[in-house]
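The values are calculated or read from the model by the stated rules, or taken from the named source; none is laboratory data. All of these numbers come straight from a predicted model, not from anything done at the bench. Methodologically, a virtual Cβ is constructed for each residue, glycine included, from the backbone with ideal geometry; neighbour enumeration extends over all protein chains shown. To get the accessible areas, we keep the full protein, side chains included, count just its heavy atoms, and leave off ligands, DNA and RNA. Shrake-Rupley method; radii C 1.70, N 1.55, O 1.52, S 1.80 Å.
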Amino acid sequence: MRELTYYVAVTLDGFIAGPDGEFDFFLAEGDHRDVINARFNQTIPTQINEALGIPIDGDLFDTVLMGWNTYAVGLPAMPSPYRHLRQVVFTSRAAEPVEGVEFIDADPVATVRALKADDGKGIWLCGGGALAAALADEIDRLVLKINPVLIGDGIPLFGGRGYAPQALVRTATTAFESGVVLAEYARV
(Lines give C-alpha, C1' and ligand atoms only; values in the text may rest on other atoms or scores of the structure.)
Protein backbone atom coordinates (compact mmCIF):
# COMPACT_ATOMS: atom_id res chain seq x y z
CA MET A 1 0.00 0.00 0.00
CA ARG A 2 1.21 3.50 -0.83
CA GLU A 3 2.07 5.96 1.92
CA LEU A 4 0.94 9.55 2.35
CA THR A 5 3.76 11.86 3.44
CA TYR A 6 3.12 15.40 4.65
CA TYR A 7 6.40 17.10 3.76
CA VAL A 8 6.39 20.82 4.50
CA ALA A 9 8.38 23.76 5.84
CA VAL A 10 7.19 25.03 9.22
CA THR A 11 8.11 27.76 11.69
CA LEU A 12 9.05 27.09 15.29
CA ASP A 13 5.59 28.26 16.29
CA GLY A 14 3.84 25.82 13.94
CA PHE A 15 2.93 27.83 10.84
CA ILE A 16 3.43 26.81 7.20
CA ALA A 17 2.74 30.32 5.88
CA GLY A 18 1.88 33.80 7.08
CA PRO A 19 -1.69 35.11 7.42
CA ASP A 20 -1.78 36.08 3.74
CA GLY A 21 0.15 33.06 2.48
CA GLU A 22 3.61 34.61 2.91
CA PHE A 23 6.52 32.21 3.01
CA ASP A 24 9.52 34.44 2.30
CA PHE A 25 10.73 34.07 5.91
CA PHE A 26 11.75 30.44 5.31
CA LEU A 27 15.50 30.04 4.82
CA ALA A 28 16.31 29.52 1.15
CA GLU A 29 20.08 29.52 1.65
CA GLY A 30 22.23 27.53 4.03
CA ASP A 31 23.87 24.18 4.53
CA HIS A 32 20.46 22.48 4.66
CA ARG A 33 19.46 23.42 1.11
CA ASP A 34 21.61 21.08 -0.98
CA VAL A 35 21.11 18.10 1.34
CA ILE A 36 17.33 18.47 1.47
CA ASN A 37 17.05 19.31 -2.25
CA ALA A 38 19.03 16.20 -3.20
CA ARG A 39 16.86 13.92 -1.10
CA PHE A 40 13.52 15.56 -1.86
CA ASN A 41 14.18 16.82 -5.40
CA GLN A 42 10.72 15.68 -6.47
CA THR A 43 9.20 18.35 -4.21
CA ILE A 44 10.80 21.21 -6.13
CA PRO A 45 8.62 22.60 -8.93
CA THR A 46 9.63 21.14 -12.29
CA GLN A 47 10.41 24.54 -13.81
CA ILE A 48 12.77 25.43 -10.93
CA ASN A 49 14.48 22.01 -11.07
CA GLU A 50 15.09 22.53 -14.78
CA ALA A 51 16.40 26.10 -14.31
CA LEU A 52 18.80 25.02 -11.53
CA GLY A 53 19.87 21.83 -13.30
CA ILE A 54 18.68 19.63 -10.43
CA PRO A 55 17.84 16.15 -11.72
CA ILE A 56 14.42 14.80 -10.81
CA ASP A 57 15.53 11.30 -10.04
CA GLY A 58 13.85 10.52 -6.75
CA ASP A 59 11.62 7.55 -6.32
CA LEU A 60 9.76 8.75 -3.24
CA PHE A 61 6.60 10.11 -4.86
CA ASP A 62 4.57 9.92 -8.04
CA THR A 63 1.60 12.00 -6.84
CA VAL A 64 1.26 15.39 -5.14
CA LEU A 65 -1.84 16.67 -3.32
CA MET A 66 -2.57 20.36 -2.77
CA GLY A 67 -5.33 22.61 -1.61
CA TRP A 68 -6.27 25.54 -3.84
CA ASN A 69 -4.26 28.15 -1.90
CA THR A 70 -1.10 26.04 -2.07
CA TYR A 71 -1.61 25.49 -5.79
CA ALA A 72 -2.37 29.18 -6.43
CA VAL A 73 1.03 30.31 -5.05
CA GLY A 74 2.60 29.52 -8.43
CA LEU A 75 -0.04 31.22 -10.57
CA PRO A 76 0.09 32.50 -13.22
CA ALA A 77 3.75 31.60 -13.84
CA MET A 78 3.43 27.89 -12.98
CA PRO A 79 -0.05 26.55 -13.77
CA SER A 80 1.37 22.99 -13.67
CA PRO A 81 4.04 23.26 -10.96
CA TYR A 82 4.95 19.59 -10.58
CA ARG A 83 4.75 18.30 -14.16
CA HIS A 84 6.91 15.32 -13.15
CA LEU A 85 4.17 14.13 -10.73
CA ARG A 86 0.47 13.43 -10.91
CA GLN A 87 -1.03 16.66 -9.52
CA VAL A 88 -4.30 16.63 -7.59
CA VAL A 89 -5.75 19.94 -6.38
CA PHE A 90 -8.66 19.85 -3.95
CA THR A 91 -10.97 22.78 -4.62
CA SER A 92 -14.61 23.71 -4.85
CA ARG A 93 -13.72 26.52 -7.29
CA ALA A 94 -14.51 26.21 -10.95
CA ALA A 95 -11.00 26.10 -12.40
CA GLU A 96 -9.97 26.35 -16.02
CA PRO A 97 -8.50 23.04 -17.20
CA VAL A 98 -4.71 22.80 -16.97
CA GLU A 99 -2.82 19.97 -18.64
CA GLY A 100 -1.45 17.61 -16.02
CA VAL A 101 -3.50 19.02 -13.12
CA GLU A 102 -6.61 17.33 -11.72
CA PHE A 103 -8.98 19.76 -9.97
CA ILE A 104 -11.38 17.80 -7.80
CA ASP A 105 -14.17 18.65 -5.42
CA ALA A 106 -14.30 15.36 -3.56
CA ASP A 107 -13.84 14.02 -0.07
CA PRO A 108 -10.06 14.15 0.56
CA VAL A 109 -10.11 11.08 2.83
CA ALA A 110 -11.94 8.89 0.31
CA THR A 111 -9.67 10.18 -2.47
CA VAL A 112 -6.49 9.41 -0.51
CA ARG A 113 -7.74 5.96 0.46
CA ALA A 114 -8.39 5.20 -3.21
CA LEU A 115 -4.95 6.53 -4.19
CA LYS A 116 -3.29 4.44 -1.49
CA ALA A 117 -5.00 1.32 -2.83
CA ASP A 118 -3.61 1.94 -6.33
CA ASP A 119 -0.19 0.76 -7.41
CA GLY A 120 2.52 3.36 -7.43
CA LYS A 121 5.03 5.29 -5.39
CA GLY A 122 4.38 7.51 -2.42
CA ILE A 123 1.89 10.36 -2.24
CA TRP A 124 3.14 13.77 -1.17
CA LEU A 125 0.83 16.13 0.68
CA CYS A 126 2.25 19.54 -0.21
CA GLY A 127 -0.28 21.63 1.73
CA GLY A 128 -2.17 23.45 2.99
CA GLY A 129 -2.98 23.30 6.63
CA ALA A 130 -6.73 22.75 6.29
CA LEU A 131 -6.20 19.87 3.86
CA ALA A 132 -3.60 18.39 6.22
CA ALA A 133 -6.10 18.63 9.09
CA ALA A 134 -8.72 16.79 7.00
CA LEU A 135 -6.17 14.09 6.13
CA ALA A 136 -4.45 13.82 9.53
CA ASP A 137 -5.65 10.26 10.13
CA GLU A 138 -4.37 9.20 6.68
CA ILE A 139 -0.85 10.65 7.03
CA ASP A 140 1.72 7.86 7.34
CA ARG A 141 4.84 10.02 7.47
CA LEU A 142 5.40 13.59 8.60
CA VAL A 143 8.58 15.32 7.37
CA LEU A 144 9.09 18.82 8.74
CA LYS A 145 11.67 21.37 7.62
CA ILE A 146 11.61 23.32 10.87
CA ASN A 147 12.90 26.84 10.29
CA PRO A 148 14.39 28.94 13.13
CA VAL A 149 11.78 31.68 12.96
CA LEU A 150 8.69 32.73 14.89
CA ILE A 151 5.94 34.53 12.97
CA GLY A 152 3.15 34.73 15.56
CA ASP A 153 0.23 34.14 13.22
CA GLY A 154 -0.54 32.46 9.93
CA ILE A 155 -1.64 29.18 8.43
CA PRO A 156 -1.14 26.40 10.99
CA LEU A 157 0.53 23.10 10.14
CA PHE A 158 -2.82 21.40 10.80
CA GLY A 159 -5.35 24.22 10.50
CA GLY A 160 -8.72 23.70 12.13
CA ARG A 161 -8.07 20.17 13.29
CA GLY A 162 -9.23 20.68 16.84
CA TYR A 163 -8.08 18.71 19.84
CA ALA A 164 -7.28 15.15 18.70
CA PRO A 165 -4.01 13.75 20.12
CA GLN A 166 -2.11 11.29 17.92
CA ALA A 167 1.24 9.75 18.78
CA LEU A 168 3.96 9.58 16.15
CA VAL A 169 7.40 8.04 16.43
CA ARG A 170 10.51 9.98 15.42
CA THR A 171 12.39 8.15 12.68
CA ALA A 172 15.16 10.66 11.97
CA THR A 173 16.37 14.13 12.88
CA THR A 174 19.02 16.16 11.08
CA ALA A 175 20.12 19.53 12.47
CA PHE A 176 21.94 21.96 10.20
CA GLU A 177 24.23 24.89 11.04
CA SER A 178 21.68 27.17 9.34
CA GLY A 179 19.30 26.42 12.21
CA VAL A 180 16.98 24.35 10.04
CA VAL A 181 16.05 20.95 11.48
CA LEU A 182 14.70 18.17 9.30
CA ALA A 183 12.47 16.12 11.60
CA GLU A 184 10.84 12.91 10.38
CA TYR A 185 8.03 10.99 12.04
CA ALA A 186 5.92 7.94 11.28
CA ARG A 187 2.55 6.75 12.48
CA VAL A 188 2.77 4.44 15.49
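Rank these by accessible area, largest first, 1.4 Å probe: Ser80, Ser92. Present the calculation step by step, with values, prior to reporting the outcome.
Details: Ser80 20, Ser92 100 Å².
Largest to smallest exposure gives the sequence Ser92, Ser80.
Compute the relative contact order of the chain as a whole-number percentage, counting only Cα pairs closer than 8 Å that sit 6 or more residues apart in sequence. Before the final figure, lay out the partial values.
Numbers: 357 pairs, mean separation 64.5, N = 188.
Computed value for the chain: 34 percent relative contact order.
Based on the alpha-carbon set only, what is the convex hull volume of region 50-106 divided per residue, in Å³? Working shown, then result.
Working: hull volume 5.1 nm³, N = 57.
Given the Cα convex hull of region 50-106, per-residue volume reads 90 Å³.
Rank Asp20, Asp62 by accessible area, highest first, at a 1.4 Å probe radius?
Details: Asp20 135, Asp62 45 Å².
From most accessible down to least: Asp20, Asp62.
Using a cut-off of 13 Å between beta-carbons, work out the net charge of the residues near Gly152 (Lys and Arg +1, Asp and Glu -1, Gly152 not included).
Numbers: positive: none; negative: Asp13, Glu22, Asp153.
That sum, taken over residues with Cβ under 13 Å, equals -3.
Dividing the convex hull volume of the alpha carbon atoms of region 1-150 by its residue count, what do you get in Å³ per residue? Each step should come with its number before you reach the end.
On the way: hull volume 17.8 nm³, N = 150.
Per-residue hull volume (Cα only) is 119 Å³.
Which loop-located GluC sites (Glu not before Pro) does region 6-101 contain, where loop means any DSSP state but H, G, I, E or B and the Cβ has at most 11 other Cβ atoms within 10 Å? Could you put the intermediate results ahead of the total?
Working: sites: Glu22, Glu29, Glu50, Glu99; in loops: Glu22, Glu29, Glu99.
Filter output for region 6-101: Glu29, Glu99.
Give me the percent of DSSP beta bridges within region 1-120 that run antiparallel, rounded to the nearest 5. Mind showing how you got there, number by number?
Working: 1 of 10 bridges.
Rounded to the nearest five, the antiparallel share is 10 percent.
Among bridges DSSP assigns within region 63-116, what percent are antiparallel (round to 5)?
Details: 1 of 10 bridges.
Just about 10 percent of them are antiparallel.
Using the heavy atoms of the protein chains and a 1.4 angstrom probe, tell me the accessible area per residue for region 60-188 in square angstrom. Intermediate values should be presented prior to the final figure.
Details: 6540 Å² over 129 residues.
It amounts to 51 Å² per residue over region 60-188.
Report, to the nearest whole %, how much of the accessible area of region 17-69 belongs to carbon and sulfur atoms, 1.4 Å probe, protein only.
Details: 1570 of 2880 Å².
Carbon and sulfur atoms account for 55 percent of the accessible area of region 17-69.
For the full complex of protein chains and a 1.4 angstrom probe, list Leu52, Leu168 by accessible area with the highest value first.
Working: Leu52 115, Leu168 70 Å².
Final ranking, largest accessible area leading: Leu52, Leu168.
I want to check the label-to-label distance for Met1 and Ala38. Put each point 7 Å from Cα in the C-beta direction and report it in nm to one decimal.
3.4
Out of Ala133, Ile123, Gly162, whose Cα points farthest toward the positive end of the dipole of region 26-163 (charges: +1 Lys, Arg; -1 Asp, Glu; placed on Cβ)?
Toward the positive end, the furthest listed residue is Gly162.
If you take every residue apart from Phe90 with its C-beta less than 12 Å away from the C-beta of Phe90, what net charge results, scoring Lys and Arg +1 and Asp and Glu -1? Numbers along the way, then the final one.
Numbers: positive: Arg93; negative: Glu102, Asp105, Asp107.
Once positives and negatives cancel, what remains is -2.
Grab the other residues whose beta carbon is less than 12 angstrom from that of His32, score K and R as +1, D and E as -1, and report the net. Mind dumping the intermediate values first?
Details: positive: Arg33, Arg39, Lys145; negative: Glu29, Asp31, Asp34, Glu177.
Its environment carries a net charge of -1.
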